[in-house]
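Q: Take this structure, written in structure tokens, and hold onto it; I'll ask about it next.
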Amino acid sequence: ALEAIESMPLDDTLRKASLQLVGRLPTAAEVDLVTDAGEEGLRSALNGMMDEQAFYDCLAEIFNDLPLTNRYLSSNGPQPAINLMRRFPNASWFDPGTDARDAEFQFNRTTTNDAVATEPLQLVNYVVKNDLPITEILTADYFMVNGYSAKSYGVEDTVAFEDEWDATEFVPAQLPGIPHAGILTSLMFLNRYPTSDTNVNRGRSRIVYDLFLDVDILALDGVRPDGSAVDITSTTPTLDNEDCIACHNLLDPVASSFQNWNRRGAYTPNAPWYDDIFQAGFAGVDRPDEEQVTSLQWLSNEMVVDSRFDNAMTRILYLGLTGSEPLDPPGEFATDAETDAYITESTHLEELTAAYIADNRNLKTLITEIIGSPYWRADELTEESFALVHEETGSARLLTPELLHRKIEAVLGFQWRGVLDRYSVNIDIDRTARLLDNQLFYNQIYGGIDSFSITERLVEP
């Protein structure tokens, strides 16, 4: 079935990849590289692009679409991320008080807030930029700060910057006494998915399965309680009712692994824990007692050696680069074409995933493999008999407003900020571009999200 796909020419592939990954047209040197060296030249050009800051802006957009931690950006309020830092006495270091605020106050507040807000995405960028295995987004015993957020966290004296006032320079840091476990212990992640006395971290567990193990707990086979279908009259149906156990024996051990982190994301070791829930563990393995205070570190190390973690990384990037989720397994009444489509795609994605695993789980390798695949490069079919099989194949998509904004500037040479017949007047005005503005203009109309109230992108007009 893959042989029926005709891939777009290399020069078109380079142009499309350059616009998507770094928001610009290919350079003359990149064009020459592809012309002279073919497929290997394309890979070299892609590797060069992945050294640019624009690529990491794109990567952060791709990864945010699932955890939605950008909910705490300043575009969603004056300082929503800073407001979560109640236990950090210097969180508002930039504010001398209402009567003493100077011209720098607003800039420092916004920059600090957004550095705190994007911390989990900056961890992803740091891992990829330094060619570390992507597993480190869960196993890192550090978190990321720039010079602004370091002051809020009170760690400015323990980290070194080339330029502490460069908002784009993020470095690893540690909070004393905190057993960091990458994104799982991020203040932003824990607050984006809070808990309660009745939820008992199950919401966090569901998100962990979805994001990092490619498992949708809510889609698992089983009967949900509706007042009649399931007997929930026992004292602990989630422990002793077969209909409940089907999901809860997966969900609850991971939920219990968050037991040291309260509803506001504060670390509270040795706090009392519930006995009417499956205790901490993962994939049928109980967490060792000696790991009680480092429960999430133990969990993250168990998760990253599970093959489902690699499937999740492939899913995130396949969705981010093609605009489509990988196909779901065909149901009982699927057509032959639907079954063939799933088998063909899933088999190919397994091959791409294997290549990235073999390269020390380097995410750049996975990106290169996806862009080089017939799914991303699909142009047309050589055999029309495969039309039904490949009905969903290809990366033609409704561009996100961020991608469209960058493409307009790259192709036309200017941004859409004001009315176009007054562009020469508006060019130097410091205002949000219209496709990026979710307050007054077109971001959400064109399919943008604010990671808060709008959390799913449009896939068609």
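Q: With the full set of protein chains in place, find how many percent of the accessible area of the chain is carbon and sulfur; take the probe as 1.4 Å.
A: 50 percent
Q: Right, next: Going by a ≥ b ≥ c, the root eigenvalues of the Cα gyration tensor, does the stretch 189-347 fall in the rounded group (a/c under 1.5), the prolate group (a/b larger than b/c) or the oblate group?
A: Judged from the Cα gyration tensor, the stretch 189-347 comes out oblate (a/c at least 1.5, b/c at or above a/b).
Q: Still on this structure: Compute the Cα gyration tensor for the stretch 334-380, then decide on rounded, prolate or oblate, letting a ≥ b ≥ c be the square roots of its eigenvalues: rounded whenever a/c is under 1.5, prolate when a/b is larger than b/c in the other cases, and oblate in all that remain.
A: Oblate is the answer for the stretch 334-380, as a/c is 1.5 or above yet b/c matches or exceeds a/b.
Q: Could the peptides 365-372, 277-284 be put in order, highest first, of the mean number of other beta-carbon atoms found within 10 Å of their residues?
A: Packing order, densest peptide first, comes out as 365-372, 277-284.
Q: Still on this structure, I have one more. With just the Cα atoms defining each centre, how far is the stretch 390-404 from the stretch 44-66? Give it in Å.
A: Cα centroid of the stretch 390-404 versus Cα centroid of the stretch 44-66: 17 Å apart.
Q: Taking square-rooted eigenvalues a ≥ b ≥ c of the alpha carbon gyration tensor, is the chain rounded, prolate or oblate, where a/c under 1.5 means rounded and, failing that, a/b exceeding b/c means prolate?
A: Cα axes put the chain in the oblate bin.
Q: What does the helix-only formula give at 222 nm for the chain: each DSSP H stretch with n ≥ 4 adding -39500 (n - 2.57), the total divided by the residues, and the result rounded to the nearest 500 deg cm²/dmol?
A: The helix-only estimate for the chain comes to -13000 deg cm²/dmol at 222 nm.
Q: Which of the lysines could a cross-linker bridge to K364, judged by Cα under 25 Å and excluding same-chain residues fewer than eight apart?
A: Within reach: K16, K129, K407.
Q: Keeping all protein chains in place, calculate the accessible area per residue for the chain (probe 1.4 angstrom), answer in Å².
A: Per-residue accessible area for the chain comes out at 48 Å².
Q: Given 20 °C and 1.002 mPa s, how large is the Stokes-Einstein diffusion coefficient of the stretch 307-445 in µm²/s, with Rh as the Kirkwood radius over Cα pairs?
A: 120 µm²/s
Q: Where does each of 200-212, 285-297, 179-191 land if you order them by average Cβ count within 10 Å, highest first?
A: Per-residue mean Cβ counts within 10 Å order the peptides as 179-191, 200-212, 285-297.
Q: As an exercise, identify the trypsin sites (Lys or Arg not before Pro) in the stretch 59-97 lying in DSSP coil whose Cβ has no more than 14 other Cβ atoms within 10 Å.
A: Counting only loop positions with at most 14 other Cβ atoms within 10 Å, the trypsin sites (Lys or Arg not before Pro) in the stretch 59-97 are R86, R87.
The values are calculated or read from the model by the stated rules, or taken from the named source; none is laboratory data. Just so we're clear, the structure is a prediction, and the values are computed from it rather than from any experiment. Positions of Cβ are generated from backbone atoms using ideal geometry, with glycine treated the same way; all protein chains shown enter the neighbour counts. Calculation scope for accessible area: heavy atoms of the full protein, side chains included, ligands and nucleic acids excluded. Shrake-Rupley method; radii C 1.70, N 1.55, O 1.52, S 1.80 Å.
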